[in-house]
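The values are calculated or read from the model by the stated rules, or taken from the named source; none is laboratory data. The shown structure was predicted, so the numbers you read here are calculated from the model rather than taken from an experiment. Cβ: placed from backbone, ideal geometry, glycine included. Neighbour counts: every protein chain shown. Side chains are part of the model used for accessible areas, which takes the heavy atoms of the whole protein and leaves out ligands, DNA and RNA. Shrake-Rupley method; radii C 1.70, N 1.55, O 1.52, S 1.80 Å.
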Amino acid sequence: MPEPFAIEVDSFYNTIVLRSPDDYDPLGPEWFPTEPQLVNGGAGRLVVHTGGRGLVRVTVTSTDTPAPPLADSLLSVWEDIAEGSFTVESDALCFDGFSGEISQPVPHPGPGPCRARVFARGRTEYWDAYRTPEAQPQIRLHVQLWPQQLGAPHLVQYRDRFTGNRIRTDDTIEEQQPTA
């Protein structure tokens with residue numbers, strides 16, 4: 001797996017979007033993921049619900065082959081894990097946090113159908129919160145990108161923001177584990 005590309009994105013509406021720097025079309029309500037899902041993709045963009053506002057630390061890895069299967073160690077380190085598909089429609093992809101600035105281009109597998117696996121931590125603790133600049137970033141995301149035909153979103157696990165329980169898609173609930 002290549003070295004991750006790291007960036008901080010200023011999330012204004014609890015959301016960041018991975019899209020072409022030339023895409024100025026507004027996002028309608030249908031683009032925003034509904035809880036517990038944290039990603040939604042489609043033509044030219046991937047929308048990630050960060051859970052909180054302010055700086056979000058994002059790392060991105062991109063490969064030409066499918067991402068490796070999830071290891072149990074990743075399930076315990078990350079609170080939320082989800083997958084979604086979108087189409088890459090330009091040579092550049094940037095993050096947009098609706099703060100008026102877009103990020104520098106991030107690595108991606110190239111134009112065409114793409115699958116993204118998003119890992120998140122800090123969303124539960126800092127849900128709908130804004131921290132002072134000195135206390136940011138508190139929310140961390142890791143995004144894996146690889147070429148793959150479009151498919152339905154898949155929620156692997158999430159941490160319930162009310163109970164703190166980790167919920168997996170097989171409907172089992174694990175006891176709350178301390179976050180790192």
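Laid out as a table, the results:
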| item | result |
| --- | --- |
| THR61 among the polar types (S, T, N, Q), under 14 Å from TRP146 (Cβ atoms), touching a Phe, Trp or Tyr at 6+ places or on another chain (Cβ under 9 Å) and not in a strand (DSSP E or B) | no |
| Total residues in segment 33-44, condition open to solvent by 70 Å² or more (accessible area, probe 1.4 Å) and in contact with a His (Cβ under 8 Å, 6 or more places away or on another chain) | 1 |
| Every residue from segment 85-105 that is surrounded by 15 or more Cβ atoms within 10 Å (Cβ to Cβ), assigned to a loop (DSSP other than H, G, I, E, B) and out of contact with any Asp or Glu (no Cβ under 6 Å at 6 or more places or on another chain) | GLU89, SER90, LEU93, PHE98, SER103, PRO105 |
| Selected residue (only one of ILE16, ILE81, ILE7 is open to solvent by less than 30 Å² (accessible area, probe 1.4 Å), in contact with a Ser or Thr (Cβ under 8 Å, 6 or more places away or on another chain) and within 18 Å of THR124 (Cα to Cα)) | ILE16 |
| Contacts under 7 angstrom Cβ, first residue in segment 45-73 being open to solvent by 40 Å² or more (accessible area, probe 1.4 Å), partner assigned to a strand (DSSP E or B) and among the charged types (D, E, K, R), 6 or more apart | LEU55/GLU8; LEU55/ASP10; ARG57/GLU8; ARG57/ARG140 |
| Residues that are surrounded by fewer than 16 Cβ atoms within 10 Å (Cβ to Cβ) and at pLDDT 90 or above, drawn from segment 108-131 | GLY110, PRO111, GLY112, PRO113 |
